[in-house]
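The values are calculated or read from the model by the stated rules, or taken from the named source; none is laboratory data. Just so we're clear, the structure is a prediction, and the values are computed from it rather than from any experiment. So basically every Cβ, Gly included, is an ideal-geometry build from the backbone, and we count neighbours across all protein chains shown. Surface accessibility is based on the protein's heavy atoms, side chains included, excluding ligands, DNA and RNA. Shrake-Rupley method; radii C 1.70, N 1.55, O 1.52, S 1.80 Å.
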Amino acid sequence: MTFTEKLYEQIDTISPLSTDDFSIEWLGQSRSYYSSNKARGYEASNTALVKLMNKLIERKDALTTKNSNKMLLGKAREYEMIALSVGQEIANRSIKSNIANSSVKKILHRIIAELNEQANPSHPPIIIC
């Protein structure tokens, strides 16, 4: 069973969905994307996995906003745990490819940290006139 198939089963357990819905709404791909990949034994692309992470976090946030229902909060935690496993898979794929040496990986980590800081600054910029 592929990683993508496991993801489908986990999400389907939380909230039943068709393979077409998984392809379109969760992976952001064509209707037959998941079924076709499954038949060939292929994994979802990194792009599809990032879209899946976005959807999982979106669902988690929707379930936790102004909500104290324990069952729904439990489902939110499940979505978050799946999102974490997707993130780990993406990270593992980049490490396994061995395309970059350690110096390049350090630069990439720095770039990602800088992009995150630009998107979510920890302190407002100081402007000196």
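Worth a mention:
- Pairwise FRET efficiency - Glu117 versus Glu5, Cβ, R0 = 35 Å, nearest 0.05: 0.45
- The listed residues Phe3, Phe22, once ranked by accessible area (1.4 Å probe) with the largest placed first, stand as Phe3, Phe22.
- Positive contributions from Lys and Arg (+1) and negative ones from Asp and Glu (-1), summed over other residues with Cβ under 9 Å from the Cβ of Phe3, come out at -2.
- Percent carbon-and-sulfur accessible area, the chain, ignoring ligands, DNA and RNA, probe 1.4 Å: 56
- Solvent exposure of the chain, expressed per residue, is 70 Å² of accessible area, with all protein chains present and a 1.4 angstrom probe.
- Note on Leu108/Thr65: beta-carbon distance plugged into 1/(1 + (r/R0)^6) with R0 of 41 Å gives a FRET efficiency of 0.80.
- Rounded to the nearest angstrom and listed largest first, the equivalent-ellipsoid semi-axes of the chain from its Cα gyration tensor are 30, 24, 13.
- With K and R counted +1 and D and E -1, the other residues having a Cβ less than 14 Å from that of Ser18 yield a net charge of -3.
- For the chain, the 222 nm mean residue ellipticity estimated from helices alone, with every DSSP H stretch of n ≥ 4 adding -39500 (n - 2.57) and the total spread over all residues, rounds to -22000 deg cm²/dmol.
- Those lysines that a straight Cα-Cα span of less than 24 Å connects to Lys75, excepting residues fewer than 8 apart in one chain: Lys6, Lys51, Lys55, Lys60, Lys66
- Potential lengthening between Ser85 and Ser45 on full extension [0.36 nm per residue; Cα-Cα distance subtracted]: 12.9 nm
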